[in-house]
1. If I stretch the segment between Asp80 and Ser264 completely, what's the gain in nm (0.36 nm per residue apart, minus their alpha carbon distance), one decimal?
2. Provide the per-residue ³J(HN,Hα) series for the stretch 235-243, in order, calculated from phi with Karplus coefficients 6.51, -1.76, 1.60 and θ = phi - 60°, each as a whole number of Hz, with x at glycine and proline positions.
3. Take Thr400, Thr171, Thr114 and order them by how many other Cβ atoms sit within 10 Å, fewest up front.
4. Which of the lysines could be linked to Lys356 by a straight reach, that is with a Cα gap under 19 Å, when you skip same-chain ones fewer than 8 residues away?
5. Tell me the relative contact order for the stretch 35-209 as a rounded percent, counting alpha carbon contacts under 8 Å between residues six or more apart.
6. Taking neighbour counts of Cβ atoms within 10 Å as a proxy for exposure, in what order, fewest first, do Val47, Val428 appear?
7. How high is the FRET efficiency from Ile197 to Ala136, r the C-beta distance, R0 41 Å, rounded to 0.05?
8. Hey, what do the phi angles of the stretch 346-352 turn into as Karplus ³J(HN,Hα) couplings, whole Hz, using 6.51/-1.76/1.60 and θ = phi - 60°, x for Gly and Pro?
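What follows is calculated from the coordinates using simple rules that are stated; it is not laboratory data. Here the structure is a predicted model, which means the values were calculated and not measured. When we count neighbours, we look across all protein chains shown, and the Cβ atoms used for this are built from the backbone with ideal geometry, even at glycine.
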Amino acid sequence: MASIPAPAATAFVSVLLLATALPAHASDTASSETGASKIRIVRLSEVKGAVRMDRAIGRGFEPAVANMPIVEKIRLRTDDGVAEVEFEDNSTLRLAPDSEVEFQQLERLATGATASSVHLLRGMAYVSLVKTRGNAFQLLFGQQTLALEPGSHIRLELNEAQAHLAVLDGTVRVDGPAGPEEIAKKKAVTFHLADQIQPTVEKEIAAAPYDAWDQTATGYHARTASLSALSSSPYTYGLNDMMYYGSFMDAGGCGSMWRPYFTSAAWEPFSNGSWAFYQGAGYSWVSPYPWGWTPYHSGSWSFCPGAGWGWQPGGGWNGLNNASSLIASNGLMHLQPPPGHAPRPGESTLTAVNLKPLVQSQVASAESFVFRKDSAGLGIPRDQLGKLDKLSRQTVERGTTSTRIYLTAPTAMSNGRAMSASVGAVAVHRGYAPSAYSFESDARSGSASLGRSSGPSGGMPSRSAGPAPSSGHAK
């Protein structure tokens, strides 16, 4: 079965999503005098470490998992962890540890453009916007409002006394007690929140511990944004993960279908996941897989003999009420239905589903990563281990495949505490660590290695960094 090149596949899906999105916009119920629609969700696209969400259902903060929908008035908090939120056009918001935001406004205007207002309550946030015309994005803190233009990229750190803004790209307008002000690209400003005196303009942008994580994630999203730009689709979030963790194939009589890597014909798309409760909408299916957004909110899954389960685009876009996307067009699908009632006192609002043991690829040691068949990409760090297609084929044939790795992480969190490996911003690199890597801070990226500074063979000199050949271990 031949695979379809990623650029062509991405454009193909984007065009179909555009076609299905337009009727959805027309059916939205206007909820304000301006005709703006509140029927809009954004995606919690990445969760590492301890992250919690308040879904405004009267339960306060509860554990959050990747692919949970975010609607207006929801709060997101990172403790010993980091999180990323992906908007429809592939713009992103990232939170460093010990940070909290509230999504005060998530509207779609009558023109189809979006209006988003996010309030940073504490900690550090990065915002990276793609160049989508018409969309409006505001980041609020203290008594100030940042109006970000399309293409902007900023970092904002907030504590009780001050806020530090770094404009990494684009131009930002600030409105506050001191009056409006425009901050240009590559400028940094400190706001004094207690006395509201004139902001202080810094000479240069100082490095922060999570800059490297933000830069890597921004580059990852930018690659897919460029592939889908020609389609003008309002729904491109999730496509980058689909193209990294799987591919479209020509499945003969079954037609073109997308399948995740590291899956055999025995894998099923709904054996594992969660039902998350949302007030006024009921239960929404949340997939545990890193690519598990678009295929569970649109299109349908089909079983193709000899290949297994695959996803095909088409139909409408389903937001919180995504149960209709879970219907397979053929084949026997194992699916545990959601609870038949709202969560009662003492019951969880996130109902886990595990019809089969959940398979996960993972770091086996500081020097080895193990890929497992039917993990469907779960546990594989995003965009850190190179292309996955060959590793997937080897793993499905042998059961497991391992490859040489080394690890790096920021040396400290934004609040100055020592970095914990559980925070989740640890980066996995395929190959051997450069000999200079150690726990000492990297002055340029703010990262340090968690691996050994000596060579891989005792006291032998370390090999240069780069891809290492993988080795299979059949089960």
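1. This chain segment gains 62.7 nm when fully extended.
2. 10, 10, 5, x, 5, 4, 5, 4, 6
3. With the fewest neighbours first, Thr400, Thr171, Thr114 line up as Thr171, Thr400, Thr114.
4. Candidates past the 8-residue exclusion: Lys373, Lys475.
5. Details: 472 pairs, mean separation 23.7, N = 175.
Relative contact order comes out at 14 percent.
6. On the way: Val47 22, Val428 17.
Taking fewest neighbouring Cβ atoms as first place, the list is Val428, Val47.
7. Efficiency, rounded to the nearest 0.05: 0.90.
8. Per-residue couplings from phi come out as x, 8, 6, 8, 10, 8, 6 Hz.
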